[in-house]
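One structure is given here, and the rest of the page talks about it.
The values are calculated or read from the model by the stated rules, or taken from the named source; none is laboratory data. Model, not experiment: these values are computed from the prediction. Here the Cβ is made from the backbone with ideal geometry for all residues, glycine too, and neighbour counts use every protein chain on show.
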Amino acid sequence: MRRPLVLLTLMASVSVAASACGSDDDTASSAPGASEQAESDAPVEMIDVATGETSTLDDALTPTDGKPLLAWFWAPFCPTCRGEAPELDAFMAENSNRVTMVGVGARNDLEYAEEFLGTTGVSNFPLLWDASGESWVDNAVAAQPYMILFDSEGEEVQRWPGGASVVQIENALAELG
């Protein structure tokens, strides 16, 4: 019976001592990792594969023309992405008045993205490149292809892990009105 009481007393003493080591001082130094957090809050830079122009991920994924926005996450080495790209390009050729689309690529070097653009011939929506891969992390994208549909106000309304068919996209757009 005496051992549990001694152990309990010891635990209480350690707890009190540990809480006394804290600081209520507002000028205390930042917690470890704070500088890394500040860096991760920096805008994710995107490069337009066709033009070389830069923008930020926030700008790329913000609808500005009163239309829904479809974000397609792709990778140059992905065979499914290579198959989807021409289909999505054809879809956008016919539907650019209804929806804006942007391709968000990562997971290799820019030269592979340029080759992807050259072989797929995408011209009806921008293929953007994120060398850091943060765009995927920020949007909880684990694998490609992956699609996210945002309404005209920028609210996420649909996710398609593994990509989406044109029929699925059409149905989702019809639901938005």
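Here are the numbers for this structure:
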item: Any pair with Cβ under 7 angstrom, 6 or more apart, that starts in region 69-88 at a residue that is of a type in the set (Lys, Arg) and ends at one that is surrounded by fewer than 23 Cβ atoms within 10 Å (Cβ to Cβ) and part of a helix (DSSP H, G or I); result: 82/120
item: Selection status of residue 45, over 16 Å from residue 124 (Cβ atoms) and modelled with pLDDT of 90 or more; result: yes
item: Residue match in region 143-150 (condition: in a helix (DSSP H, G or I), over 24 Å from residue 65 (Cβ atoms) and in contact with a helix residue (DSSP H, G or I) (Cβ under 8 Å, 6 or more places away or on another chain)); result: no
item: Residue, modelled with the lowest pLDDT, within region 55-110, restricted to residues that are buried (at least 19 other Cβ atoms within 10 Å of the Cβ), of a type in the set (Gly, Ala, Ser) and within 17 Å of residue 151 (Cα to Cα); result: 60
item: The lone exception for residue 89 - which of (1) of a type outside the set (A, V, I, L, M); (2) farther than 19 Å from residue 48 by Cβ; (3) in a helix (DSSP H, G or I) it fails; result: (2)
item: Residue list for region 151-177, filter: among the hydrophobic types (A, V, I, L, M, F, W, C) and either under 12 Å from residue 70 (Cβ atoms) or surrounded by 15 or more Cβ atoms within 10 Å (Cβ to Cβ) (or both); result: 157, 160, 164, 166, 169, 172, 173, 176
